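Below is one structure, written out as structure tokens; the observations come after it.
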Amino acid sequence: MLSLTNKRILLGITGGIAAYKCAELTRLFSKAGADVRIAMTRSATEFITPLTMQALSGNRVHLELLDTEAEAAMGHIELARWADLVLIAPATADFIARIVHGQANDILSTLVLATSAPIAVAPAMNQAMWSDPGTQSNLQLLRDRSYHIFGPAEGEQACGDVGLGRMLEPAELIEECASLFKSDYLAGRKIVITGGPTREALDPVRFISNHSSGKMAYALAAEAVFAGAKVILISGPVQLQTPDRVTRIDVESADQMLEATLAQIEAADVFIGVAAVADYRPKNAAQEKIKKSTGEIQLTLVKNPDIISEVARLDPRPVVVGFAAETNDILENGRKKLQKKNLDLLFANNATETFNSETISVTAISPTGEKEIPTANKNVVARNILQLIAETLTQKS
Ligand code: PMT
């Protein structure tokens, strides 16, 4: 089960009879090389003890949201960020309903809300509760939000009923989780990404810039690491944490971004230009703060280097991927940029919706065709984008 090696699994246990199977589930995760941390709802502790789960996982079990000792060791937000995958098993009908509504009234629901990792749910409940329209529409909402739903299985239930609602067996859940990670599709690849805005100085305290938050670039960096790549992120000034296992190089201006890119590009398989690079900079940045004058002042701007075009000119060159945030004629402008900058792929998006937002929709444009990736969280879209890039890499090699 190579794909689970070194993966960080946050196992959330809720209060159903199938909770006893989590002992075996945790043992199998550890055997497969995964690092397992456990959070339990209060009712889950009625079915299996935290001590058992602690012994099997080798880590302290998280039970309370407001637990000073646990928070000192690994706070809930840190734990939510730590996970590569959150698996809720068993997931009761009540817990599913709570996360559908975004409730955060215990440690586990809070973790679900706070994580940006993929979330998988293994429902376990009585067959009538399973087929109830309330449960079914809740599950549909989770599917719409890209949750993975594992099971349930059909068979005899603890209450004596027969039907759908049994939690999948631990070995089956391990298979399902491993299949989510069979995504080492960028293993061994080196990817250089630019992200965020650039700042072009007017004087020591003022600059020209734009509204890029870096969220799209950082989501791509995190997902690329997850898919096995070595990632160098050349970042303009943003207020974001560096994703785990990403090498980040901070720059301010377009000139600095170009310099850092050329220094890192050797042996890169892919270059992704997500940065909103300022096309122009003040011709002469004043050495001292510009003083207010009575009349108008003139500002002369000169062209900045086009970083992505420079990369596309290299020989040999990586697969070169651009982004284009447009306010009008999005596809047409995107196609023109693909051609003009000699790119392999370009992701056109609507500038009025994508700067500094959590979600994005893009159209992938290549010399051979186009594909829409519908609106979703930037992490989810990043995964789709990287899969398309991986296909391009395969075609080129
Ligand atoms: O950062 P977020 O808030 O998450 O927002 C994401 C985003 C809107 C910044 C992102 O989705 C996006 O579209 N980035 C490109 C912004 C843009 O409009 O770029 P452009 O059309 O000016 O340039 C086209 C391509 O050339 C881009 O890949 C850009 O990085 C690159 N370029 C542009 C100018 C320049 N001097 N050098 C470059 O490398």
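In the set N350, N304, only one residue is touching a residue at least 60 places away in the same chain (Cβ under 8 Å) and within 11 Å of the ligand (Cβ to nearest atom); that residue is N304. Of the residues N342, N304, the single one that is among the polar types (S, T, N, Q) and under 21 Å from P197 (Cβ atoms) is N304. Restricting L343, L338 to residues that are over 24 Å from the mean Cα position of the chain (by Cα) and either under 25 Å from G228 (Cα atoms) or outside the structural domain of N210 (by TED's automatic domain parsing) (or both) narrows the list to L343. Among the criteria (1) touching a strand residue (DSSP E or B) at 6+ places or on another chain (Cβ under 9 Å); (2) within 28 Å of V246 (Cβ to Cβ); (3) open to solvent by 30 Å² or more (accessible area, probe 1.4 Å), the one L164 does not fulfil is (2).
Restricting attention to region 312-347, the residues being near the ligand (Cβ under 8 Å from one of its atoms) and either in contact (Cβ under 8 Å) with a residue 40 or more places away in the chain or β-branched (V, I, T) (or both) number 4. Pairs linking a residue in region 17-42 that is on the phi > 0 side of the Ramachandran plot to a residue that is surrounded by 17 or more Cβ atoms within 10 Å (Cβ to Cβ), with Cβ atoms under 6 Å and 6 or more positions apart or on different chains, are G33/L4. Evaluate region 225-238: report whether one residue or more is assigned to a helix (DSSP H, G or I) and either more than 12 Å from the ligand (Cβ to nearest atom) or within 24 Å of K303 (Cβ to Cβ) (or both). Yes; the residues of region 225-238 include at least one that is assigned to a helix (DSSP H, G or I) and either more than 12 Å from the ligand (Cβ to nearest atom) or within 24 Å of K303 (Cβ to Cβ) (or both). Answer yes or no as to whether T375 is open to solvent by 60 Å² or more (accessible area, probe 1.4 Å), assigned by TED's automatic domain parsing to the domain that holds L220, among the polar types (S, T, N, Q) and more than 7 Å from the ligand (Cβ to nearest atom). For T375, the condition - open to solvent by 60 Å² or more (accessible area, probe 1.4 Å), assigned by TED's automatic domain parsing to the domain that holds L220, among the polar types (S, T, N, Q) and more than 7 Å from the ligand (Cβ to nearest atom) - is met. Screening region 107-207 for strands (runs of 3 or more DSSP E) wholly inside it with 1 or more residues that are within 16 Å of the ligand (Cβ to nearest atom) returns the ranges 190-195, 200-203.
Of all residues in region 271-301, count the ones that are aliphatic (A, V, I, L, M) and within 12 Å of the ligand (Cβ to nearest atom). Count: 6.
Is it fair to say G151 is among the small types (G, A, S), crowded, with 17+ Cβ neighbours inside 10 Å and within 25 Å of the chain's Cα centre (by Cα)? Spell out how you get there, then give the answer.
Details: among the small types (G, A, S): yes; crowded, with 17+ Cβ neighbours inside 10 Å: yes; within 25 Å of the chain's Cα centre (by Cα): yes.
Taking the combined requirement at face value, the residue satisfies it.
Scanning region 213-246 for residues that are surrounded by 21 or more Cβ atoms within 10 Å (Cβ to Cβ), more than 22 Å from D184 (Cβ to Cβ) and of a type in the set (A, V, I, L, M, F, W, C) yields a total of 2.
When K31 is tested against (1) within 18 Å of D106 (Cβ to Cβ); (2) surrounded by fewer than 22 Cβ atoms within 10 Å (Cβ to Cβ), exactly one condition is not met: (1). Of all the residues that make up region 94-124, how many are more than 26 Å from K215 (Cβ to Cβ) and open to solvent by 20 Å² or more (accessible area, probe 1.4 Å)? Going through region 94-124 one residue at a time, the tally reaches 5. Could we say that A268 is away from the ligand (no atom under 12 Å from the Cβ), in contact with a Lys or Arg (Cβ under 7 Å, 6 or more places away or on another chain) and not assigned by TED's automatic domain parsing to the domain that holds S116 here? The answer is yes for A268. I need the full set of residues from region 1-24 which are in contact with an Asp or Glu (Cβ under 9 Å, 6 or more places away or on another chain) and outside any loop (DSSP other than H, G, I, E, B), in order please. The answer is L2, S3, R8, I9, L10, A19, K21, E24.
The values are calculated or read from the model by the stated rules, or taken from the named source; none is laboratory data. Note that the structure is a prediction, hence the values are computed from the model and not measured. With ideal geometry, Cβ positions are generated from the backbone for all residues, glycine too; neighbour counts draw on all protein chains shown. Each accessible area value is taken on the protein alone, full model and side chains, heavy atoms only, with ligands, DNA and RNA left out. Shrake-Rupley method; radii C 1.70, N 1.55, O 1.52, S 1.80 Å.
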